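A.B. asks: This is the structure, below, for whatever I ask next.
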Amino acid sequence: MAIVLHRAEKAELGAFAPKPTSTTEGQQEALRTVWTAPEGVEAGVWEATPGRFTATREGYHEVCQILSGRASVTATGGEPVEIGPGDTLVTPAGWTGVWEVHETLRKTYVTIDLPVIPPQTPTQAPSQTRTPPQAPSQTRTPPQAPTPPVAP
């Protein structure tokens with residue numbers, strides 16, 4: 001089944017709350033999660049009021065489409081990039097930077113978690129020897145006779 005959120009630019013969002021990473025007093029954000037998958041994918045709509053906040057994409061990628069508003073996005077050590085309606089922005093895992101929202105900004109987003117791969121210790125390193133493939137089993141299970149239907 002497909003999931004459709006009609007008119008994302010006008011859709012109702014959750015309650016506005018203070019933006020935790022904001023460096024501007026009073027900056028607010030709201031969102032509406034549209035879909036999540038157990039593999040660590042989420043899609044939704046997000047909105048923020050004017051102000052400045054820091055962002056870090058630690059352990060996930062984000063792809064967003066700007067629906068309304070304007071902002072400058074500056075990667076750490078980089079130059080500001082202006083974004084507005086119709087723009088697509090990708091912030092890959094590891095991206096850090098600052099958002100300066102000039103006009104209340106609304107975007108659709110998809111976040112994709114990176115797989116968690118536990119670090120290997122030297123004793124857990126893969127073996128360099130290979131186990132030869134096993135021959136298929138020569139035993140077979142005989143076919144079962146069909147079960148006769150039960151009379152009502």
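The values are calculated or read from the model by the stated rules, or taken from the named source; none is laboratory data. If you're wondering where the values come from, they're calculated on a predicted model, not measured in any experiment. Glycine gets a Cβ as well: all are built from the backbone with ideal geometry, and neighbour counts include every protein chain shown. The protein model used for the area step is the full one, side chains on, heavy atoms only, and it has no ligands, DNA or RNA in it. Shrake-Rupley method; radii C 1.70, N 1.55, O 1.52, S 1.80 Å.
A.B. asks: Mind checking which residues of the range 49-69 are more than 18 Å from residue 115 (Cβ to Cβ) and either open to solvent by 40 Å² or more (accessible area, probe 1.4 Å) or not in a strand (DSSP E or B) (or both)?
C.D. replies: First, the residues of the range 49-69 that are more than 18 Å from residue 115 (Cβ to Cβ): 49-56, 64-69.
Result: 49, 50, 52, 54, 56, 65, 67, 68.
A.B. asks: Confirm whether residue 74 is assigned to a strand (DSSP E or B) and open to solvent by 40 Å² or more (accessible area, probe 1.4 Å). Before you say what the answer is, go through the steps one by one.
C.D. replies: Details: assigned to a strand (DSSP E or B): yes; open to solvent by 40 Å² or more (accessible area, probe 1.4 Å): no.
Criteria not met by residue 74.
A.B. asks: Could you go through the range 71-89 and let me know if any residue there is free of Cβ contacts under 8 Å to residues at least 60 places away in the same chain and under 13 Å from the mean Cα position of the chain (by Cα).
C.D. replies: Filtering the range 71-89 for residues free of Cβ contacts under 8 Å to residues at least 60 places away in the same chain gives 71-89.
Those left that are additionally under 13 Å from the mean Cα position of the chain (by Cα): none.
No, that holds for no residue.
A.B. asks: While we're looking at this one, here's another question. Restricting to the range 90-106, give me the number of residues that are open to solvent by less than 40 Å² (accessible area, probe 1.4 Å) and within 15 Å of residue 47 (Cα to Cα).
C.D. replies: Of the residues in the range 90-106, 4 are open to solvent by less than 40 Å² (accessible area, probe 1.4 Å) and within 15 Å of residue 47 (Cα to Cα).
A.B. asks: Going by what's in this entry, would residue 34 be described as in a strand (DSSP E or B), in contact (Cβ under 8 Å) with a residue 12 or more places away in the chain and either among the polar types (S, T, N, Q) or surrounded by fewer than 17 Cβ atoms within 10 Å (Cβ to Cβ) (or both)? Please lay out each step first, then the result.
C.D. replies: Numbers: in a strand (DSSP E or B): yes; in contact (Cβ under 8 Å) with a residue 12 or more places away in the chain: yes; either among the polar types (S, T, N, Q) or surrounded by fewer than 17 Cβ atoms within 10 Å (Cβ to Cβ) (or both): no.
So residue 34 fails the test.
A.B. asks: Please determine whether any residue of the range 46-56 is over 28 Å from residue 77 (Cβ atoms) and either β-branched (Val, Ile, Thr) or over 17 Å from the mean Cα position of the chain (by Cα) (or both).
C.D. replies: No, there is no match, as no residue in the range 46-56 is over 28 Å from residue 77 (Cβ atoms) and either β-branched (Val, Ile, Thr) or over 17 Å from the mean Cα position of the chain (by Cα) (or both).
Yes or no, residue by residue, for (1) modelled with pLDDT under 95; (2) under 21 Å from residue 39 (Cβ atoms); (3) in contact with a Gly (Cβ under 8 Å, 6 or more places away or on another chain); (4) not hydrophobic (A, V, I, L, M, F, W, C):
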| site | (1), (2), (3), (4) |
| --- | --- |
| 55 | no, no, yes, no |
| 58 | yes, yes, yes, yes |
| 63 | no, yes, no, no |
| 69 | no, no, yes, yes |
| 74 | no, no, yes, yes |
| 79 | no, no, no, yes |
| 86 | no, no, no, yes |
| 108 | no, yes, yes, yes |
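A.B. asks: Can you tell me how many residues in the range 6-20 are farther than 17 Å from residue 69 by Cα and open to solvent by 50 Å² or more (accessible area, probe 1.4 Å)?
C.D. replies: Qualifying residue count for the region: 4.
A.B. asks: While we're looking at this one, here's another question. Inspect all residues belonging to the range 21-28 and state whether any of them is surrounded by 14 or more Cβ atoms within 10 Å (Cβ to Cβ), closer than 22 Å to residue 88 by Cβ and not hydroxyl-bearing (Ser, Thr, Tyr).
C.D. replies: no
A.B. asks: If you don't mind, there's one more thing I want to ask. Output yes when any residue across the range 13-32 is hydroxyl-bearing (Ser, Thr, Tyr), over 21 Å from the mean Cα position of the chain (by Cα) and farther than 17 Å from residue 107 by Cβ, and no when none is.
C.D. replies: yes
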